[in-house]
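This report concerns only the one structure given below.
Bear in mind these aren't lab numbers, they're just calculated from the coordinates by the rules spelled out. For clarity, every value in this text was computed on a predicted model and none was experimentally measured. As a convention, Cβ positions derive from the backbone with ideal geometry for all residues, glycine included, and neighbour counts pool all protein chains shown.
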């Protein structure tokens, strides 16, 4: 299943990239690379939210305009996510790395500035737990397995120069439960810099 998702995403992005190469209009479509900073946390059903994990994201994107003001964008990205819980005596950190496929509508009120809204599916490809305690109450090797699949909604905004350099910010609201209990869901702020190829 993981290979099928990755292959599908690559094919979709490649098709947009091919259209970009064949296009004679600057606003028709584009293909590029992007990367940036992640500030990730988890929100539980009890309305409590964890501390944040710092990480990065990197990937590819393809954007194709539906009309002069609206574009469809698909991405394939590697994203470092997870969370941290700190109490008086200890710190627990879970690092979860995902392959995400965001699909969004980019709305351009001007030629260079855009808003984005869309959905995202993700696949957890690795995870690691770290536990520090002065009392050594827990086994530091203890693991808490996250669910493999994640999904949610994205909102954001950005600025694109005429030369194809993009600076954007996005917030991901996870709607899929990371674990089967307490309904913990991903929350991720991404700040990214992209370059059209």
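Brief remarks on what is shown
- Once the C-beta distance of residue 28 and residue 103 is scaled by a Förster radius of 30 Å, the resulting FRET efficiency is 0.95 to the nearest 0.05.
- With Cα atoms defining each centre, region 53-77 and region 169-195 are spaced 16 Å apart in the structure.
- Ranked list, fewest to most other Cβ atoms within 10 Å of each Cβ, for 84, 63: 84, 63
- Taking 7 Å steps out from each Cα toward its Cβ at residue 49 and residue 147 produces label points 2.1 nm apart.
- Straightening the chain between residue 179 and residue 56 buys 42.0 nm, computed as 0.36 nm per residue apart minus the Cα-Cα spacing.
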